[in-house]
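Down below is the structure, laid out as structure tokens.
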Amino acid sequence: MKADKHQTLYLLHGFSDDDTIWTRRTSIERYVAPLGLAVVMPQVHQSFYTDMKYGNRYWTFLTEELPEIARSFFPLSEKREDNFVAGLSMGGYGAFKWALRHPDRIAAAASLSGALDMAKWIKQPNHLQDVFSLIYGEDEIANTDNDLLWLLEQGEKQTLKPDLYQCCGTEDFLYDSNLTFTAKCEQTSYSLTTDYGPGSHEWEYWDEKIKDVLKWLPLK
């Protein structure tokens, strides 16, 4: 009798990190060891999990190529109810974008200190303008598939909706954008769990919160 295929968590890194960061800065391996949960950690550089205007097609890699490759190597379940995604900062944006754009593939998504209002952020003067130009070019992302707030609106037309979990520290520079996402989501029929409290944009916070995410996920 063949063993059941594993539920899978795609765990996404932030802007200044890579695919090794979760294992280097948290105890994620120890946390998931008793859960029977597979964790896949991709590398997408500073792409904001997007098919770049001037660069590589990281969105296609993440959502199309990676699951197929991972399942060819390991016994990972293809079922929607067995697939989840989470990420921090830039990865929080990527996690919610994946879940909102492909609710037929992702059952639950978690954002830890996510960059959740990108349409507003890229319009503001900041040190990432050169990076945003490589990713989006001169394209407007408001009201497109790269705008999470717009995706929430579009999702109201869909029957399947992923469960969402959102946490952010009140001292985090992304706190206000998280509040914006929460307010927008609460106007919809999505199931959203929020966790706001003391904390900043740093690994001590994320090491604690990823444990809450694992408790929240609908694991078998």
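Considering only segment 146-165, I want to know if a residue exists there that is among the β-branched types (Val, Ile, Thr) and under 17 Å from Ala95 (Cβ atoms).
No, segment 146-165 contains no residue that is among the β-branched types (Val, Ile, Thr) and under 17 Å from Ala95 (Cβ atoms).
Quick one: what pairs do we get from segment 55-83, first residue over 18 Å from Gln43 (Cα atoms) and in contact (Cβ under 8 Å) with a residue 24 or more places away in the chain, second of a type in the set (Asp, Glu) and buried (at least 17 other Cβ atoms within 10 Å of the Cβ), C-beta under 9 Å, 6+ apart or different chains?
Pairs found: Leu76/Asp82.
Under the condition of being touching a strand residue (DSSP E or B) at 6+ places or on another chain (Cβ under 7 Å) and not in a loop (DSSP other than H, G, I, E, B), which residue from segment 148-168 is farthest from His102 (Cα to Cα)?
Filtering segment 148-168 for residues that are touching a strand residue (DSSP E or B) at 6+ places or on another chain (Cβ under 7 Å) and not in a loop (DSSP other than H, G, I, E, B), the one farthest from His102 (Cα to Cα) comes out as Cys168.
Within segment 28-37, track down each residue that is within 15 Å of Ala70 (Cβ to Cβ) and crowded, with 19+ Cβ neighbours inside 10 Å.
none
For segment 22-44, give me the residue count where each residue is farther than 20 Å from Ala99 by Cα and in contact (Cβ under 8 Å) with a residue 12 or more places away in the chain.
Going through segment 22-44 one residue at a time, the tally reaches 10.
Let me confirm something: among Ser27, Ser89, which residue is modelled with pLDDT of 95 or more and over 16 Å from the mean Cα position of the chain (by Cα)? Full working, then the answer.
Working: Ser89 fails: over 16 Å from the mean Cα position of the chain (by Cα).
Matching residue, one of Ser27, Ser89: Ser27.
Output the number of residues of segment 178-201 satisfying the condition of being assigned to a loop (DSSP other than H, G, I, E, B) and within 17 Å of the chain's Cα centre (by Cα).
Restricting attention to segment 178-201, the residues satisfying the condition of being assigned to a loop (DSSP other than H, G, I, E, B) are 186-191, 198-201.
Among the residues that remain, those that are also within 17 Å of the chain's Cα centre (by Cα) are: 190-191, 201.
Selection size over segment 178-201: 3.
The values are calculated or read from the model by the stated rules, or taken from the named source; none is laboratory data. Since this is a predicted model, take the numbers as computed values, not measurements. All Cβ positions, glycine included, derive from the backbone under ideal geometry; neighbour counts span all protein chains shown.
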